[in-house]
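Everything below concerns the one structure shown next.
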Amino acid sequence: MPIRKIPKNYSNVTGIAAHSKAEGQAMFESTLERDFLMLLEFDNNVERFEVQPIKLEWKNNLGKTRSYTPDVLVYYKQSKHKPTLYEVKYREDINKNWNKLKPKFKAAISFCKESNWKFKLITEIEIKNAYLESVKFLLPFVRQGASSEDDMMILDDKIIQLGTTTPKELVSSIYSDEWNQARLLPTLWYLIGSRQIQIDLNSKITMSSNIWKRQ
């Protein structure tokens, strides 16, 4: 459960995202945080995450108590990946406010060492890329689920037969009319988003993208 309420902000995008892997409300204070939560939801290695999970306190050089609430705590499915406490910031914000942010990050690093966690600072460089655009496109189809189990089997059998192909070639090899081809697409995008059919997620997804059956 988030330990502090995110106020409405008219200079940044704030809100609550609906994510099945979130413990409590998945609140965000910027589009960058919103996009990062989307990446976590899509990531098969992520078991669950919690937004603003803890409040860290320390005393500054003047003996005054200061506090800091990191953005997201992520738990991974594989035990070799330690729980990771993430802070999501724009690089411009880090450069501009480094003196103010540095003691906060030091407090987080110290706490994570004691808790056998990791602390990681993540910026738009790691978030805003072609992979994010692929996730934004595919995630709604994953949440919606397959339109038809029969269509799943038809697509699966055909791509095994074709090998490496494209969405356009795959659906046109099953149906000749455009209406039925279009009907197949939501299920195809679901299969791709759930990793049952493979695609290069680091490139823009089009009807001409290469796709292949997961081994």
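Computed from the coordinates by the stated procedures, all read-outs in this text should not be read as laboratory data. Owing to the predicted nature of the structure, the values given are computational and were not obtained by experimental measurement. Glycine gets a Cβ as well: all are built from the backbone with ideal geometry, and neighbour counts include every protein chain shown.
Descriptive notes on the structure:
- Note: relative contact order over the chain, using C-alpha pairs below 8 Å and six or more positions apart, is 15 percent.
- Just checking the listed ones, Gly193, Gly15, Gly63: in the Gaussian network model of the chain with Cα springs under 10 Å, the one fluctuating most is Gly63.
- Summarising the strand pairing of the chain, around 75 percent of its internal DSSP beta bridges are antiparallel.
- As a proxy for reagent exposure, ranking Met153, Met27, Met207 by other Cβ atoms within 10 Å from fewest up yields Met153, Met207, Met27.
- Cleavage-rule hits, trypsin sites (Lys or Arg not before Pro), region 28-114, DSSP coil, Cβ neighbours within 10 Å at most 12: Lys55, Lys64, Lys77, Lys80
- Working note: Karplus 6.51/-1.76/1.60 with θ = phi - 60° gives region 182-199 the couplings 5, 5, 6, 4, x, 5, 5, 5, 4, 4, 6, x, 8, 6, 7, 10, 8, 8 Hz, where Gly and Pro are set to x.
- Residues of region 142-174 with amide N under 13 Å of the 7 Å Cα→Cβ point at Asn180: 151, 154-155, 171-174
- Percentage relative contact order, region 100-211, counting C-alpha pairs under 8 Å, at least six apart: 34 percent
- Ranked by how many other Cβ atoms sit within 10 Å of their own Cβ, fewest first, the residues Leu201, Leu170 fall in the order Leu201, Leu170.
- Violating pairs (Cα-Cα greater than 29 angstrom) within the set Lys77/Lys158; Lys21/Lys55; Lys59/Lys128; Lys21/Lys64; Lys64/Lys89; Lys89/Lys213: Lys77/Lys158; Lys59/Lys128; Lys21/Lys64; Lys89/Lys213
- Note on region 101-215: Cα-Cα pairs beyond 24 Å make up 40% of the total pair count.
- The value of relative contact order for region 15-127, using C-alpha pairs under 8 Å at least six residues apart, is 21 percent.
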